[in-house]
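Q: I have a structure here, written as C-alpha cells, and I will follow up with some questions on it.
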Amino acid sequence: MTKQAFILIVEDEPKIAEGLAAYLENAGFSTHCLDRGDRAARFVRQEAPDLVLLDIMLPGKDGMEVCKELRSFSQIPIIMLTARVEEIDRLLGLELGADDYICKPFSPREVVARVKAVLRRSNPPQEESKRITEGPIILDEDSREVSVGGNSLKLTPSEFMILKVMMSRPNRVFSRNELLDLAIGSQFEGYDRTIDSHIRNLRKKIKKALPDLECIHSIYGAGYKFNIS
C-alpha cells in the first residue's frame with residue numbers, strides 16, 4: 001500500500017474492537033472504533049475511511065441497516081462481522097452491498113488478510129489498468145467506473161471485479177468457484193452462492209441503466225457467462 005489505509009471498526013464489544021484495532025495497527029493500518037451503528041454514516045461522510053468493518057448486532061442501528069445506508073451514498077468497501085451463521089444472513093448482507101462476510105469467532109489475522117484482499121481489489125495497480133468495451137458497456141479500470149449506455153453504474157469493488165473478469169472473456173462460461181477465485185480471491189472462504197448475490201445485484205443495476213439489455217446469462221449446472229447478442 002502506498003499510504004496508510006484508514007479502517008473504521010463498528011463493533012459494540014470492546015474486547016473485539018480493541019483486538020481488531022491492535023492487529024490492524026500492527027499491520028500498518030490506522031483505525032477508529034465506533035460502538036453504535038447510528039454513528040457510522042456521519043463518520044464515513046466526514047472522515048472518508050478506506051474500509052469499514054461492520055458488526056451486524058449493534059445498538060442504535062443494526063449492521064444491515066448501516067450497510068444499506070452507506071451504500072446509498074458511498075461505494076466504500078464493507079466487511080461484515082457477525083455471530084449469525086445462517087446462509088440467509090450472508091446472502092442478505094451481500095445483496096445490500098457488502099464485499100465480504102466473516103463469522104465469529106474469527107482469527108484477527110484472518111480479518112487482517114481479508115482487509116488487505118478487499119483493499120487490493122478496490123485499488124488495483126495502475127499498470128494493470130485498461131478499458132474494456134462490450135456493446136453499450138464500458139469498464140474503465142483507471143477510473144474504476146462502469147457506464148451502460150452512457151449511464152454511470154455505482155458498483156461495489158466485488159461487483160466491479162466480477163464484471164471485469166466476465167467482460168474480459170465474453171462467451172466464456174465461468175463456474176461460481178472460478179468467479180470467486182478470479183474476482184474475489186482464493187482466500188475468500190464464503191459460500192459459492194455468494195456469487196449469485198453479486199450477479200443478481202449486477203443484473204439489477206445494468207437493467208436499471210438500460211432496461212432492454214441482457215448481458216449476464218445463467219448457464220444451468222455450469223455458472224455464468226457474459227454475452228451481448
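Q: Given the pairs 164/207; 104/154; 130/204; 154/204; 164/208; 116/225, which are separated by over 23 angstrom at their Cα positions? Show your work: numbers first, answer last.
A: On the way: 164/207 17 Å; 104/154 30 Å; 130/204 25 Å; 154/204 11 Å; 164/208 19 Å; 116/225 28 Å.
Long pairs (Cα-Cα over 23 Å): 104/154; 130/204; 116/225.
Q: Under the definition of Cα pairs under 8 Å and six or more residues apart, what whole-number percent is the relative contact order of the chain?
A: Working: 376 pairs, mean separation 31.8, N = 229.
Once normalised by length, the contact order is 14 percent.
Q: Follow-up. Given a 10 angstrom Cα cut-off, can you work out which residue in 76, 206, 132 is the most mobile in a GNM of the chain?
A: Its mean-square fluctuation being the largest, the pick is 132.
Q: Keeping all protein chains in place and using 1.4 angstrom, which order do 153, 182 fall into by accessible surface area, from largest down?
A: Values: 153 20, 182 100 Å².
Largest accessible area first, the list is 182, 153.
Q: For the chain, what is the convex hull volume of its Cα atoms per residue in Å³?
A: On the way: hull volume 27.4 nm³, N = 229.
Cα-based convex hull of the chain, divided per residue, equals 119 Å³.
Q: Follow-up. Given the C-alpha centroids of region 161-180 and region 1-38, what is the distance between them in whole angstrom?
A: 33
Q: Over region 1-85, what is the relative contact order in whole percent, taking alpha-carbon pairs under 8 Å and six or more residues apart? Write down the numbers at each step before the final one.
A: Details: 138 pairs, mean separation 26.1, N = 85.
Relative contact order of region 1-85: 31 percent.
The values are calculated or read from the model by the stated rules, or taken from the named source; none is laboratory data. Just so you know, these numbers come straight off a predicted model, no measurement behind them. All accessible areas refer to the heavy atoms of the entire protein, side chains included, with ligands and DNA or RNA removed. Shrake-Rupley method; radii C 1.70, N 1.55, O 1.52, S 1.80 Å.
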